[in-house]
2 protein chains.
Amino acid sequence: MNMAVRSKVWIEIDGEVVLSQGKASLLEAIQETGSLQKAADRMGMSYRHAWGIIQKMEHRSRKKLVITKQGRNGGGSVLTPEARDWLLRFNKFHDGLRELVDGRFNSAFGDIDLSG
Amino acid sequence: MNMAVRSKVWIEIDGEVVLSQGKASLLEAIQETGSLQKAADRMGMSYRHAWGIIQKMEHRSRKKLVITKQGRNGGGSVLTPEARDWLLRFNKFHDGLRELVDGRFNSAFGDIDLSG
C-alpha cells in the first residue's frame, strides 16, 4: 500500500477563484504557444471553455489578462504584462510548496505501519 | 477587493482519499461526542452518510477506526487507538500549514496592486 499526501492551492478575490494551478497552466500555455486555440488544445479543453475561464479571471480581477489579435495568418493571443506578472508571482508562490507539504507529511506519517 | 489564498490537503492510499480536513473533523466529532449520530449532526450530514465515510476510510486503510456499541441507553461510538493515532498525526501535519501557505502567499503577492 502506498500512502501519499496531496494538496491544492488557489487564490480568491472577494471569495471567487482568480488563480489556481489549472488557470496558471492555461496562462502559461497561452504564453508558450501564442494562441488561445493551441493553449486550449494542450489543456484538453475547448476554445470556448478556455475563453470563458480567461473572461471570468479578467472580470473577477478587473484586469485585462489576454489580448487576442485578428490577423491574415490566424492572429494569436498574448498575455498582458499584468498576466505575466501574476504568472511569475503564482509560480514563485507555488514552487517549493509541494516539497514543503511533503516534508511535513513525512515527519507526521513517515513511520506509520500500513501492514496490519 | 480582498485577495486571499486558499488551500486543501488530503492523504491518499493507493490513489484513494483516506484522510482530509473533513474526515479528520468527523473523527474528532466522534471522539468528542462519543456518538456517530451526534457527530453527524454536528457535521450537518446524515447518520447514513457519516457511516458511509467511516466505512470507506476503514476499507481503504484496512484498519478498524470506529467501534459502535449497542446499549440500553442508546450505545455509542468510540475511536480505536489507531484512529486516535491518525487524528493526532493529521493534526500535527495540518497545524501550522495554513500559516506557512499564507506566509508564502504574502511574500509572492503581498505588494500587488488591485486598484487598477
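Bear in mind that the values in this text are calculations on the coordinates, not laboratory data. As the structure is a computational prediction, the values presented were derived from the model and not from experiment. Note that each Cβ is placed from the backbone with ideal geometry, even for glycine, and that neighbours are counted across all protein chains shown.
Miscellaneous remarks
- Chain A, relative contact order in percent, only Cα pairs under 8 angstrom and at least six apart counted: 24
- Each Lys or Arg adds one and each Asp or Glu subtracts one; over the other residues with Cβ under 14 Å from the Cβ of A:MET43, this totals +1.
- Label-point distances for B:GLY110 to the equivalent site in the other copies, using a point 7 angstrom along Cα→C-beta, read 2.9 nm when ranked shortest first.
- Estimated dipole of the protein assembly as shown in Debye, rounded to 20 [Cβ of Lys and Arg +1, of Asp and Glu -1, Cα centre]: 660
- Using 0.36 nm per residue and subtracting the Cα-Cα separation, the extra length available between A:LYS69 and A:GLN21 on full extension is 14.7 nm.
- The residue in chain B that lies nearest, by its beta carbon, to the axis linking chain B with chain A is given here with the distance in whole angstrom as B:LYS8, 2.
- In this simple spin-label approximation, B:VAL78 and B:ASP14 carry label points 7 Å from Cα along the Cα→Cβ vector, and these lie 3.1 nm apart.
- Gap separating the Cα centres of the range B:94-116 and the range B:1-55, nearest whole Å: 26
- Counting only Cβ charges, +1 for Lys and Arg and -1 for Asp and Glu, the dipole size of the range A:16-100 around its Cα centre is about 300 debye.
- Think of chain A as a dipole: +1 on every Lys or Arg Cβ, -1 on every Asp or Glu Cβ, centred on the Cα centre; then among A:GLN70, A:ILE11, A:HIS49, A:GLN70 lies furthest on the positive end.
- Two-site FRET efficiency, B:ARG98 against A:GLU99, from Cβ-Cβ distance with R₀ of 22 Å, rounded to 0.05: 0.80
- For chain A, the tally of Lys pairs with Cα-Cα distances below 17 Å comes to 9, considering only residues 8 or more apart or on different chains.
- With neighbours defined as other Cβ atoms within 10 Å of a residue's Cβ, the residues B:MET1, A:MET3 order from fewest to most as B:MET1, A:MET3.
- A simple spin-label model places the labels of A:MET1 and B:HIS49 2.6 nm from each other, with each point 7 Å out along Cα-to-Cβ.
- Translational diffusion coefficient (Stokes-Einstein; Kirkwood radius from C-alpha pairs) of the protein assembly as shown at 4 °C, 1.567 mPa s, in µm²/s: 63
- Sum of -39500 (n - 2.57) over DSSP H runs of 4+, divided by residues of the protein assembly as shown (222 nm, nearest 500): -17000 deg cm²/dmol
- Three-way shape label, the range A:34-83, alpha-carbon gyration tensor, a/c 1.5: oblate
- Spatial extent of chain B: Rg and Dmax, with the Cα atoms as the point set, Å: 18.2, 67
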